[in-house]
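Before any comments, here is the structure.
The values are calculated or read from the model by the stated rules, or taken from the named source; none is laboratory data. Note that the structure is predicted; figures quoted are calculated from it, not measured. Here the Cβ is made from the backbone with ideal geometry for all residues, glycine too, and neighbour counts use every protein chain on show. Surface accessibility is based on the protein's heavy atoms, side chains included, excluding ligands, DNA and RNA. Shrake-Rupley method; radii C 1.70, N 1.55, O 1.52, S 1.80 Å.
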Amino acid sequence: MIELQDVTFVHQNGVRALDGVSLKIDSGETVGIVGENGAGKTTLVKHVTGLLKPTSGKVLVDGKSTGETSTAQLSRKVGVAFQNPDHQLFSESVEEEMAFALRNFGFPAELVEQRVTWGLGLFGLEEYRKSSPLVLSGGEKKRLTLACILAWDPEVVILDEPTVGQDSIQKEKLAGTIRMLASSGKTVVVVSHDIEFLWPVQPRVVVMKAGRIVGDGPASRIMQDRDILDSARVAQPQLVEFYQSLRARPGKPFVDPLDARRWLEGGGGK
Amino acid sequence: MMWLSQGFIFRRGTSVYHRIDPRVKLLISVLLFVTVLLVRSLYELTGILVFMVTIAAVATVLRRVARTMAFTALFSAFIFVLNFVFTRNAETSLLYAARFIAIVVSTSLFFITTSPDELEQVMKTFRLPRDVIFAFVTAVRFIPVMFLDTIQIMDAQKSRGLELEKGNVIRRVRNMIPVLIPLVVNSVVRSGELAEAMESRAYGAVARPTSLVEYKSSLSDRAVAIAAVVMFALTAYSFYYILPSAVL
């Protein structure tokens, strides 16, 4: 579905944002891309949507080079919800905002209405249907941008930092949406710093550092590999850290949770 | 677009020209600007442009100045066509068009080698009201941010199927609405947040706040300023009393 072949991207100021990245994402896969700021995660995603063209190497979506297709055409297959929702909201009402892309793709009016209603319902935004998207809270705006993308049912859904500004309940809902998309056969790519969010989703995890891929594998393996995570300056999920600490602890089980806390605060297991 | 914008945005440099007192750099740019207005033939203008390109080379901003020229070439071509239609004189039209490029280069030489902090100090020497200085310098500081915003907004809208490069002129202008609205809204929100942040850090608490950096012209700065004034006087004199080749 998505293939990056030895992709290098150098910015005009000479910064090498991607350095020989090769990655293959199959149809229906759920992939989490993690790494510290400036690791090249968003640059990689922008190559998949054709917004950036590689300095060298090739990016293929469905076997077609992104260099031969416009971003607008590619977006029918690849939907991206960018980090900052304020960069896309402009319409007079929430429903108009959702209908924008659908009209760009030439959806018939009935289907537009149907998809808008579905998207608003999925993200709990029905009550704001006629409101201006500009007056929504940060979290609601973020949800609206996700709804806008899912409305046209792209084959690949890319979420760039989807948990920013979301409370824990919304994060859980979002994780549920990702699982739902995955189970319906969509290819889902989540770019996130939020390891705690990615862990329960259990995606294939790609770890990036300084424009290179330094780790790639199932979450259960990568999240336990401290060497890879530390080198990419990515924190381990608390649950995994706790589990590893417990496993390394000799002796009897804890009597109460405070015992466990004291033991961990004393550097237990490390 | 980003490529072109680089021709107008300040980036720190270590060249001799960057190190000149910003007030002297302003003086040089003003004198170049006036000289360009005094020019009466293409030969004279070519000489001034070569001089400006030399300054750009010394300041190691030649490539960025070239971008400035590329950006203004479109407007310049428009000026040429408009003049040619009304005057039917190719040389005069070319002079006006080239003069426009030279004017932009003279001002961009100042802006791309002067940091917003230096700009603030320059404005302070003219004893302008503090609020005016702050508003102007903040606007300059936010130009690169707005360019970045524009690109990110365009990316976001293109990812929703918006074809910015398709259709006739009217269609293209209409297609810019989804880009312009978020840009304006973001700017208004950002300015409100900035005002709150400034007030919470005691902006306006005293009438005459102190400054972290006080500029003092060195001997070499004064020498450069005097040399610039002398060169300007000699050039202006030569335009009117020595060089006869005027087309105006």
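What's the magnitude of the charge dipole for region B:42-171 around its Cα centre, counting Lys and Arg as +1 and Asp and Glu as -1 at the beta-carbon? Answer in Debye, nearest 20.
Working: 13 positive and 10 negative charges, 33 e Å.
Using only the charged Cβ atoms, the result is roughly 160 debye.
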(request) Tell me which residues come under 5 Å, amide H to amide H, from A:ASP216 once H is placed; ignore anything under 5 positions away on its chain. (result) A:VAL207
(request) Note down the accessible area of A:TYR243, probe 1.4 Å, to the nearest 10 Å². (result) 100 Å²
(request) Could you pull out the longest piece of chain B with no exposed loop trypsin sites (Lys or Arg not before Pro) in it, calling a site exposed if DSSP puts it outside H, G, I, E, B and it has at most 16 other Cβ atoms within 10 Å? (result) B:41-87
(request) Could you check which residue among B:ALA236, B:ALA70, B:ALA197 shows the biggest mean-square fluctuation in a GNM of chain B with a 10 Å Cα cutoff? (result) B:ALA197
(request) Per residue of region A:11-18, in order, report the coupling 6.51 cos²θ - 1.76 cosθ + 1.60 (Karplus, θ = phi - 60°) as ³J(HN,Hα) in whole Hz, putting x for Gly and Pro. (result) 5, 4, 7, x, 6, 8, 7, 10
(request) Kyte-Doolittle cut-off 0.5, length cut-off 15 Å along the helix's own axis using Cα: show which whole DSSP H helices in chain B pass. (result) B:22-38, B:42-58, B:62-87, B:90-111, B:130-158, B:177-200, B:219-237
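Which number gives the lysine pairs in chain B that have C-alpha atoms under 18 Å apart and are eight or more places apart or on different chains?
Details: B:LYS25/B:LYS124; B:LYS25/B:LYS216; B:LYS124/B:LYS216; B:LYS158/B:LYS166.
Within chain B, the lysine pair count is 4.
Can you put A:SER132, B:SER106 in order of accessible area, largest first, using a 1.4 Å probe? Intermediate values should be presented prior to the final figure.
Details: A:SER132 35, B:SER106 0 Å².
Output order, biggest surface exposure first: A:SER132, B:SER106.
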(request) With a 1.4 Å probe and every protein chain kept in, tell me what percent of the accessible surface of chain A is carbon plus sulfur. (result) 50 percent
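What percent do you get for the relative contact order of chain A when only Cα pairs under 8 Å and 6+ apart count? Intermediate results must be reported in sequence, preceding the final value.
Numbers: 466 pairs, mean separation 61.6, N = 270.
For chain A, the relative contact order is 23 percent.
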(request) Quick one: which residues, 5 or more positions from A:ILE158 or on another chain, have an amide H under 5 Å from its amide H? H modelled 1.01 Å from N in the peptide plane, none for Pro or chain starts. (result) A:GLY79, A:VAL80, A:ALA81, A:VAL189
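With charges set only on the Cβ (+1 for Lys and Arg, -1 for Asp and Glu), what does the dipole of chain B come to about its Cα centre, in debye to the nearest 20?
On the way: 26 positive and 16 negative charges, 46 e Å.
For this selection, approximately 220 debye.
What order do B:VAL85, B:VAL169, A:VAL10 take when sorted by accessible area (1.4 Å probe), most exposed first? Before the final figure, lay out each step's value.
Values: B:VAL85 80, B:VAL169 110, A:VAL10 50 Å².
Most to least solvent-accessible, the answer reads B:VAL169, B:VAL85, A:VAL10.
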(request) With springs only between Cα atoms under 10 Å apart, run a GNM on chain A and tell me which of A:ASN37, A:ASN104, A:ASN84 wobbles the most. (result) A:ASN104
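Percent antiparallel among DSSP beta bridges with both residues in chain A, to the nearest 5? The partial results should precede the final answer.
Numbers: 19 of 36 bridges.
Of the beta bridges lying entirely in chain A, close to 55 percent run antiparallel.
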(message) Using the Karplus curve 6.51 cos²θ - 1.76 cosθ + 1.60 with θ = phi - 60°, what ³J(HN,Hα) values do you get for each residue of region B:159-176, in whole Hz, with x for Gly and Pro?
(response) 6, 10, x, 7, 9, 6, 9, 9, x, 6, 4, 4, 5, 5, 5, 5, 5, 7
(request) Could you tell me what percent of the DSSP beta bridges with both partners in the protein assembly as shown are antiparallel, to the nearest 5? (result) 55 percent
(request) Compare the Cα positions of A:GLY14, A:VAL189, A:PRO108 along the charge dipole of chain A (+1 at Cβ of Lys, Arg; -1 at Cβ of Asp, Glu; about the Cα centre) and return the one farthest towards the positive end. (result) A:GLY14
(request) For A:LYS130, list the lysines whose Cα falls under 19 Å from its own Cα; do not include residues on the same chain fewer than 8 positions away. (result) A:LYS141, A:LYS142
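If you place +1 on the Cβ of every Lys and Arg, -1 on the Cβ of every Asp and Glu, and leave all else neutral, what size is the dipole of region A:77-133 about its Cα centre, to the nearest 20 Debye?
240 debye
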(message) For a quick check of your reading of the filter: which chymotrypsin sites (Phe, Trp or Tyr not before Pro) in region B:39-78 sit in a DSSP loop and have no more than 11 other Cβ atoms within 10 Å?
(response) none
(request) Please give the per residue accessible area of the protein assembly as shown, computed with a probe of 1.4 Å over protein heavy atoms only, in Å². (result) 52 Å²
(request) Return the single residue from B:VAL230, B:VAL206, B:VAL140 with maximal mean-square fluctuation; model: Gaussian network over chain B, springs between Cα atoms under 10 Å. (result) B:VAL206
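If DNA, RNA and ligands are ignored and the probe is 1.4 Å, what is the ranking of A:TRP152, A:TRP199, A:TRP118 by accessible area, most exposed first?
On the way: A:TRP152 0, A:TRP199 50, A:TRP118 100 Å².
The ordering from most to least exposed comes out as A:TRP118, A:TRP199, A:TRP152.
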